[in-house]
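First the structure, in the form of structure tokens, and then the observations on it.
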Amino acid sequence: MRQTIIKILRYGLSVIFLPFALIFNFIFFKFFSLVKETFFSTVLSLYFLKLPLNVTCKSLPIIKGRKYIFLCHKVGFGTLNRLECYSHYEGYSYSPRISIGSHVGFGNNCHLGAINRIEIKDNCLFGSNILIIDHNHGNSKELGEIPPIKRKLESRGPIIIGYGCWICDNVTILSNCTIGDNCIIGANTIYCLI
């Protein structure tokens, strides 16, 4: 009889406290996520030495060539993003620039790489797994002679993405491309000029 009462009490208490435990875990997780996002956003704003940037990020993006990257207000980053400007590579000099307008949002795992120029205008939305790169590792004449990592980087021209564009998941945008205002680039697309 006593064991039955103990089982009933345990079951009753677990039924009573389970919702509270779930709510507490949810609130704690949300609070922790908010604190982490605020911390990363503050660190990124300080990194660019522009405190009123109002940048939000789920994790800090990998940034190379900070002085060539220009962010406007209200830019958001998901996780695992990379912004890279190469001014020197294998003994060659370049004039890179990445400029990102206001109210631009990036999903997870977006990579922007420049030796020339990448310009993203205001109010653009980017999905996840996006590659925007304005250069390549050399031309076909060097194939086999020089390893790709040792070749001179080449760019055919800048990448310009217009106002209000939506770039869906798994999109690759290569050099010398201009995307007009209010365009949608569908998922799994390679956008380049040959």
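Miscellaneous remarks
- Efficiency of FRET from Cβ geometry, His103 and Arg156, R₀ 25 Å, rounded to 0.05: 0.30
- Semi-axis lengths (Å, descending) of the ellipsoid that matches the C-alpha gyration tensor of segment 92-141: 24, 14, 7
- Near-label residues of segment 105-119 by backbone N, under 20 Å of a point 7 Å along Cα→Cβ of Asp169: 105-112
- Spacing of the two label points (7 Å from each Cα toward its C-beta) at Tyr89 and Arg66, in nm: 2.2 nm
- The residue among His73, Ser128, Ile115 whose Cα reaches farthest toward the positive pole of the charge dipole of segment 47-130, with charges on the beta-carbon of Lys, Arg, Asp and Glu, is His73.
- Relative contact order of segment 115-194, pairs being alpha-carbon contacts under 8 Å that are 6 or more residues apart, as %: 33 percent
- Inter-label distance for Ile190 and Asn54, nm, one decimal - labels placed 7 Å from Cα along Cα-to-Cβ: 3.9 nm
FYI, it's all coordinate maths here, none of it is from the lab. Note that the coordinates shown come from a computational prediction; the quantities given were computed from them, not determined experimentally. Here the Cβ is made from the backbone with ideal geometry for all residues, glycine too, and neighbour counts use every protein chain on show.
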